[in-house]
Every structure is written in structure tokens, then in C-alpha cells.
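Questions regarding the structure given below will be posed in turn.
The values are calculated or read from the model by the stated rules, or taken from the named source; none is laboratory data. From a predicted model like this one, the values you see are computed outputs, not experimental measurements. Here the Cβ positions follow ideal geometry from the backbone for every residue, glycine too, while neighbour counts run over all protein chains shown.
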Amino acid sequence: MDLKKIFLKDACPTQIGGQAIMEGIMMKGEDRTAIAMRLPDDRIYLRTEKNKKRSKWTKIPIIRGVAVFISSLVTGTSTLMKSAEILEKFTEEETDENSKFEKWVSDNFSMEKAWNILLVLTVIVSLLFTVVVFVLFPTAAVNWLGRFTDSVVILNLVEGLFRIVLFVIYVLLISKMDEINRVFQYHGAEHKTIHCLEKDLELTPENAQQFYTLHPRCGTSFLVFVMVISLIVFSLMGWPNLLIRLLSRLLLIPLVAGLSYELLKLAGRSDNLLVEILSLPGLYLQKITTKEPDKKMLEVAIVAVKAVLVDEDAPLVEGISDLEGNIITKKEDLNEFKGTDKSGDKDTE
């Protein structure tokens, strides 16, 4: 791994960041957010929307990390759900895979309320899974070690290392799924395109392809920072009884998230030796969460980036796009969207 190809000299870091979604990329700029997706018929679907105004909390160190984490979780989950819904609209095969619960929600609530309910429940389940599996379970699982040593350093070190190993195993397992592997390819396309932009090169698949799929500002690195910082912060609490440890882990999650965010911002705008060393664990994990994209994936990522590199007063768009991000078929002219109840479409502006 050549760090010079990751911490690029003469690069101009931007505030643009993204996320891989189902068959595409979500890209967030200063003014707007865009999602670009490769449809089953090979066309590119593009949609933009205005960003919400930033809260005053996003200006306060540490606290802004918590605010950004929660916002990113909700936005990321919503975008993933939306991308799956769009793909379903453009898939010829009729499917009837909705659960009984989903059917009950759609039968008893409006489209907008049903969407919000499913989104909230998905976020809650995701948070519960993460907290239980990667925060509470590790400290409970190594509780037995207290019988053999009373060294606070050893006990907390084992807990922290077990948490990291558990997370890496989880990422490795899901990376074996075909759908997730394609998401990881789009993740690589996102990083290559951002590198290309920050190096001030023309946004073309050929130019983007020359860069690494690894990027110092990646959310994967944030998760590794969370793991490492949690090990340090939790160690400061000593090794009390199991109940107090579980409660302390829960209460310290916001602090850990806030510190991790500040470290990620530092890694994104610095290239000194210390920052590079701190970034190494996250970069190595990115070798799992990013895969080499093909040309068509890079084209989608470039469309998403170009869609947010527009003037603030540029109109919002939705429909089929060319490779330059220009709409060639508007949403209302697409058969898949005809007859859609606009009152229930929460994304219509």
C-alpha cells in the first residue's frame, strides 16, 4: 500500500462525500445531494435534492461528530431504501416479497407515513444490532477473564481487541454476498472519483481509474477510529462489575463518536506521519469494504459528482441522465413513475 497514492500531495480536499448504494452512488455536496444509479437496462438514473440547513451543533467540536453520525445514519439508511425502491420500479419481473408487516403498514397508512415508519424502524433495528453486537456483547463475552487477572489494562485490551476482531469478521462475511460485493465496487468508484476531483483532473473514467480505492476520509476509517478510541476511553473507566461496565459503554458512545469524527477530519486534511499511522488500520479495512470498479461504475460515480458541482441556483433534477449529468428523460415521462401518487412521494419538491 503506497500511502503517497492515498494522501495525495498537491491535492485540494473537498467537502464532497458520498456513499455507495444499490447499483449506484449517493454524493453530497455543499448545496445538494445527488444519487446516480445504473438501471437494469444500462441507463443512468439521476436525482438531486437540496441539503437541509446545518444545525448549530455541527459547529461545536465533539458534539458535531455525534450530530453528523446520527444524520448520516438516517440519510444513509433512507438512501439505501430509496435505491432499492427505484431498482424495483425498473425491474421487469413482478415480485411479491413484501413482508406481512410491510403490507400491514402500507394498508393502514399513507405512502409518506408508511415510508417514515419503515425508515424509523430500520434505523432503530440497525442501531440496536450495532450497540448489542459490537458494544455490549464484547464486554459481556470477556467478563470471565476477571477470574484470572485483575489487570485493568489487560482486561480492557482484550475486550477492545475482541471487538475489533468481531467487526472485521462481520465485514469479511458480508463481503462474500454478491449484492454487497457490488456495493463495495461502487464504494471503490466513489473513492477513485473523489481522488480525481481533489487532484483537479478532468472527471473521466480513465483519469479516475488510476487512483486507489482507498481514501483517508472514508466512513470505514471512522468505524475503525471508533473501535480504537473506545478501547482507550473505556479503559479509563477501569473494570467495575458487568452492569456498570455495560451502562458506561452505552453512556460513552456519544463521546467516542465525537472524538472519532474529529480524528477523521484531521486525517482528511493532513498528511503528516502521525496521521498516516493513525489512519493505517482504517485503510487496511478499506481493502475489504472497497473493490475495484469497472468503467460503468466509474461513469455513475462521475455523474453523481457532477450533479453536485453546480451553481446553488441550478434546478433540481430527476430522470434519465447522460454521462455528463444532463437529464435526457424527465421523471414524469418515465413509464415506471406514471401514476405515482405525488402526495405520497416524500421526495417530490
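For residue 211, only one of the following conditions fails: (1) among the aromatic types (Phe, Trp, Tyr); (2) farther than 18 Å from residue 25 by Cβ; (3) modelled with pLDDT of 85 or more. What is its number?
Unmet condition: (2).
Of all the residues that make up segment 197-210, how many are in contact (Cβ under 8 Å) with a residue 60 or more places away in the chain and either part of a helix (DSSP H, G or I) or within 20 Å of the chain's Cα centre (by Cα) (or both)?
Residues meeting the conditions: 5.
Additional query: Can you name the residue in segment 129-149 that is β-branched (Val, Ile, Thr) and within 28 Å of the chain's Cα centre (by Cα) and, of all such residues, is surrounded by the most Cβ atoms within 10 Å (Cβ to Cβ)?
Here the answer is 139.
Tally the residues that are in contact (Cβ under 8 Å) with a residue 12 or more places away in the chain and either outside any helix (DSSP H, G or I) or over 32 Å from the mean Cα position of the chain (by Cα) (or both), restricting the search to segment 151-184.
Going through segment 151-184 one residue at a time, the tally reaches 3.
Pull up segment 181-201, narrow it to residues that are in contact with a helix residue (DSSP H, G or I) (Cβ under 8 Å, 6 or more places away or on another chain) and either charged (D, E, K, R) or surrounded by fewer than 16 Cβ atoms within 10 Å (Cβ to Cβ) (or both), then point me to the one that is nearest to residue 20 (Cα to Cα).
Across segment 181-201, the extreme among qualifying residues is 190.
Yes/no per residue for (1) free of Cβ contacts under 8 Å to residues at least 12 places away in the same chain; (2) within 24 Å of the chain's Cα centre (by Cα):
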{"position": "229", "(1), (2)": "no, yes"}
{"position": "233", "(1), (2)": "no, no"}
{"position": "236", "(1), (2)": "yes, no"}
{"position": "252", "(1), (2)": "no, yes"}
{"position": "255", "(1), (2)": "no, yes"}
{"position": "258", "(1), (2)": "no, yes"}
{"position": "262", "(1), (2)": "no, yes"}
{"position": "276", "(1), (2)": "no, yes"}
{"position": "286", "(1), (2)": "no, yes"}
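Please go through segment 9-23 and give me each residue that is surrounded by 11 or more Cβ atoms within 10 Å (Cβ to Cβ) and either in contact with a Lys or Arg (Cβ under 6 Å, 6 or more places away or on another chain) or of a type in the set (S, T, N, Q) (or both), ordered by number.
Passing the criteria: 11, 13, 14, 17, 19, 23.
Just one of the numbered conditions (1) assigned to a helix (DSSP H, G or I); (2) without any contact (Cβ under 8 Å) to a residue 24 or more places away in the chain; (3) more than 23 Å from the chain's Cα centre (by Cα) is not true of residue 313; which one?
Every condition holds for residue 313 apart from (1).
From the list 43, 54, 32, exactly one residue is surrounded by fewer than 21 Cβ atoms within 10 Å (Cβ to Cβ) and free of Cβ contacts under 8 Å to residues at least 24 places away in the same chain. Which is it?
Matching residue, one of 43, 54, 32: 54.
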